[in-house]
Amino acid sequence: MTVGGHDILSDYRAARSLIGLVPQELAMTPFESVLATMNFSRGLFGKRADPAFIQKTLTSLALWERKDSKLVTLSGGMKRRVLIAKALSHEPQVLFLDEPTAGVDVELRQGMWQVVRELRDSGVTIILTTHYIEEAELMADRVGVINKGELVVVEEKNELMRKMGSKRLVLQLNKPLSAVPPQLSKHVSLSADGSELVYTYDTKAEESGITRLLDDLDAAGIHFKDLQTSQSSLEEIFVDLVHGGGK
């Protein structure tokens, strides 16, 4: 295995110099300042001092105003951002993020993801582990699902959602139904209050079956006033892979 053309065993120093790691644990020297911590991390990789780069990185993570603060005085969310700054200090080409937004409030989380997007767009390869599936859906180009220590699928995100996703057509009825007519029961389900019919169809199928469904509704004398469609989220696909065994 190589990183940037460097073998991780025979040329491990060069390979490691291209990797940044943001661990899940908040393990830092408590009485060092934010600035000293980042400069020290950069020096460990033999990088020359670069105050402009350090300032830019800390500013992007909303840490510049706290650059002289000791780590022990920071909140958990700020400490996690310091971990990201440390990982970026030597300008890595590959960045591992182990649940980087755990314990971070919504506003700071959005700022952190903006930094990650900019890194991704600049060519940095980012490997993210997260329990927030919506983050993976928002950020990832390629998704892997681990179940009980086993990597059960690795796929381009859009292709995974196409292969394993489904779409739902929700019809809002003019008049509530007490039950689904027998000729439609194989196709649709009825909402609890009887006001909506839900039709689920496979995104991989050549035909959706919607035209046939609408014909059947018309033949049954069922009319609707509105309709909307939605597609499976990555979280729903994840749950199906882990608990339902996939499709």
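The values are calculated or read from the model by the stated rules, or taken from the named source; none is laboratory data. Worth saying up front: this structure is predicted, and the values here are computed from it rather than measured. Virtual Cβ from ideal backbone geometry, glycine too; neighbours counted across all protein chains shown.
For beta carbons closer than 6 Å, sequence separation of 6+ or different chains, a first residue in segment 70-85 that is within 17 Å of I54 (Cβ to Cβ) and a second that is assigned to a helix (DSSP H, G or I) and β-branched (V, I, T), the qualifying pairs are V82/V34; A85/T57. Screening segment 1-46 for residues that are assigned to a helix (DSSP H, G or I) and among the hydrophobic types (A, V, I, L, M, F, W, C) and picking the one that is surrounded by the most Cβ atoms within 10 Å (Cβ to Cβ) gives V34. The set of residues in segment 162-200 being part of a loop (DSSP other than H, G, I, E, B) and either within 36 Å of the chain's Cα centre (by Cα) or at pLDDT below 85 (or both) consists of G165, V180, P181, S185, K186, H187, S191, A192, D193, G194, S195.
Residue by residue through segment 121-135, note down the ones that are more than 14 Å from L97 (Cα to Cα) and either touching a Ser or Thr at 6+ places or on another chain (Cβ under 6 Å) or surrounded by fewer than 16 Cβ atoms within 10 Å (Cβ to Cβ) (or both). Hits for segment 121-135 are D121, S122, G123, E134.
Is there a residue being of a type in the set (A, V, I, L, M, F, W, C) and more than 24 Å from R120 (Cα to Cα) anywhere in segment 3-15?
The answer is yes; a qualifying residue exists.
Quick grid of which residues meet (1) more than 16 Å from L97 (Cβ to Cβ); (2) in the same structural domain as S89 (by TED's automatic domain parsing); (3) not aliphatic (A, V, I, L, M):
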| position | (1), (2), (3) |
| --- | --- |
| D7 | yes, yes, yes |
| G20 | no, yes, yes |
| E25 | no, yes, yes |
| T29 | yes, yes, yes |
| M38 | yes, yes, no |
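Do we have any residue at all in segment 136-147 that's surrounded by fewer than 15 Cβ atoms within 10 Å (Cβ to Cβ) and part of a helix (DSSP H, G or I)? For segment 136-147, residues surrounded by fewer than 15 Cβ atoms within 10 Å (Cβ to Cβ) and part of a helix (DSSP H, G or I): present.
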